[in-house]
1. Can you pull out the cysteines in chain A that have no other Cys Cβ under 4.7 Å?
2. Counting DSSP beta bridges with both partners in chain A, what percentage is antiparallel, nearest 5?
3. Taking R0 as 35 Å, what FRET efficiency do you get between A:GLU168 and A:ASP45 from their Cβ-Cβ distance, rounded to the nearest 0.05?
4. Report, in degrees rounded to the nearest 10, the 0 to 90 angle that the Cα long axis of helix A:325-338 makes with the longest principal axis of chain A.
5. Which log10 I(q)/I(0) values does the stretch A:323-375 give at q = 0.16, 0.23, 0.31 Å⁻¹ under the Debye formula, counting every alpha carbon as one identical point scatterer?
6. For helix A:17-32, report the angle its Cα long axis makes with the longest principal axis of the Cα atoms of chain A; keep it between 0 and 90° and round to the nearest 10°.
7. Within the accessible area of the stretch A:323-375, what % is carbon and sulfur when the probe is 1.4 Å and the other protein chains stay in place?
8. May I ask you to give the percent of accessible area on the stretch A:205-318 that is carbon plus sulfur, with a probe radius of 1.4 Å?
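The values are calculated or read from the model by the stated rules, or taken from the named source; none is laboratory data. Predicted model only: the values in this text are computed from it and were never measured. Note: ideal-geometry Cβ built from the backbone for every residue, glycine included; neighbour counts use all protein chains shown. When the accessible area is computed, the model is the full protein with side chains, heavy atoms only, and any ligands, DNA or RNA have been set aside. Shrake-Rupley method; radii C 1.70, N 1.55, O 1.52, S 1.80 Å.
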Amino acid sequence: MSVRVRFAPSPTGHLHIGGARTALYNWLFARREQGVFILRIEDTDTERSTQEYTQSILDGMSWLGLTWDEGPFHQMERMPIYREHVDRLLAEGKAYRCTCSPERLEEVRKAALAAGRKPTYDRKCRNEERLPAGSAAGRTKNEERNFCIRFAAPLTGTTVVHDMIRGEIAVDNKELDDLIILRSDGTPTYNFTVVVDDVTMQISHVIRGDDHLNNTPRQILLYQALGYPAPIFAHLPMILGADKQRLSKRHGATSVIAYRDAGYLPGALLNYLARLGWSHGDQEIFTMDEMTRLFRLEDVGKAPAVFDPEKLKWVNSEHLKKYTDDQLVDLARPFFEKQGLAIVDRGYTARALHSERERGKTLDELAAITAFYLRDAVTFDEAAVTKWLTAEKKGLLKEIAERLGQVSDLSDLTLKPILEELQKQHNLKLVDIAQPIRVALTGTTVSPGIFEVMAILGKERVLTRLARALQ
RNA sequence: GCUCCCAUCGUCUAGCGGCCUAGGACGUAGCCCUCUCAAGGCUAAAACACGGGUUCGAUUCCCGUUGGGAGCGCCA
């Protein structure tokens, strides 16, 4: 059997961390099994679905590099298919019209809850005499729209889910109620469309979050009613916030795009996400290639995982190490631009980034700490100036400037003797001489080695900055 | 409330009955390196939720308890 999997987000928000991992696992599984990865937009919630979110999800997927082989399909464009299936169930007596009002439903739920039962539908309309079936789904003309269509679920027996991650899960059919498959406005509902779509798209494996685990038995009932074989299921554990609650906006950035804008590499985000729930021995860092080769659904754990931004950062820094200085220039460019800095000298920028690359864990951080190289005027940190640019130190800097003016170029070779000599002469520690220079050149007390900074800046910039700091 | 799922260091996890004195990673702390900050190296603290079984032997298997998560929508 050929492997066909799908990622089916609903466009009611941006692509978030949890969705991205689900998409990744589907993608990895498809790649490894040489199957097909399908993207399906579940937009039957016309109230909340928007075109913007759809685009945002597509953008997120593209940025991550999770390319799809088929789609994107939109459920709103597949209405005839759903209606056809509803009609079939209706004709076979496996679905029925329900004229209960939302108000009555609410009362029934409340009463059930009060009696200690599940807040399910009491099957009133199913038990009353059947209304003329007709083509409820395809009703068009002057027909009233004050009814919806419910699935007539089996009253007895048990339904068992075969899950690649959870094993077998048996649920008593008594726990399942007659879910609505077609709303009174004629649109189908999730549990129905997902089944019809997965069948008609010939999905072989349904890999999704385990918030859908409870829905699975009802869906299996629908497969059976429709006379289709059910796909193989694999329910992934949830991703939680630091408070062990389901990850939400309250936990900070949850949209994939936010991570792109914060300077994370798509490969790093995916690497981190992959390790949330999946592992391969002690390995932490994976290339996409390694992941597609190594990923197995059998190695996915069952327990929910807490999203740890700190570890993500570390993973990102590890991935950052794999790029050359030259590649870093292009990666960091948008983040320099965000600060209003344009890259005029590519080689210079590459050398600047080289000196800082161990210090920034995201591209945003990296660009921020490298910015002083590209800025014309140094931005001074007040505390640093107060501590290190005292009158006494300024005298020292003046002396340094004079000596530097006499050398042809700045390098370890020319710089070291000069500073060491001054250090001895004034009976100072190297730190007492390095810090004033550092503040004068970078504006802060933190930077790469001072010799390196000076060599990269070059004689002209160094002297200019020194002069300016002395004012 | 009912049903389902889950349970190893703070966090991500390895472990699939003896190899466990429970391993790795992030983070934390200390030391080394050192012109600052990182990076790097070394070291340390840190976990099998609890109680019953099964077994010669349980982190590993079973049951219960507790804790957490999810579902119970004319949302997906």
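1. Cysteines of chain A left without a disulfide-compatible partner: A:CYS100, A:CYS148.
2. Working: 17 of 32 bridges.
Close to 55 percent.
3. Numbers: r = 32 Å, r/R0 = 0.91.
Step by step, r from the Cβ atoms, then E = 0.65.
4. So the helix axis and the longest Cα principal axis differ by about 80 degrees.
5. Listed by q, the Debye log ratios stand at -0.33, -0.74, -1.51.
6. Approximately 80 degrees, to the nearest ten.
7. Working: 1270 of 2470 Å².
In the stretch A:323-375, the share of accessible area belonging to carbon and sulfur is 51 percent.
8. Details: 2440 of 4830 Å².
In the stretch A:205-318, the share of accessible area belonging to carbon and sulfur is 51 percent.
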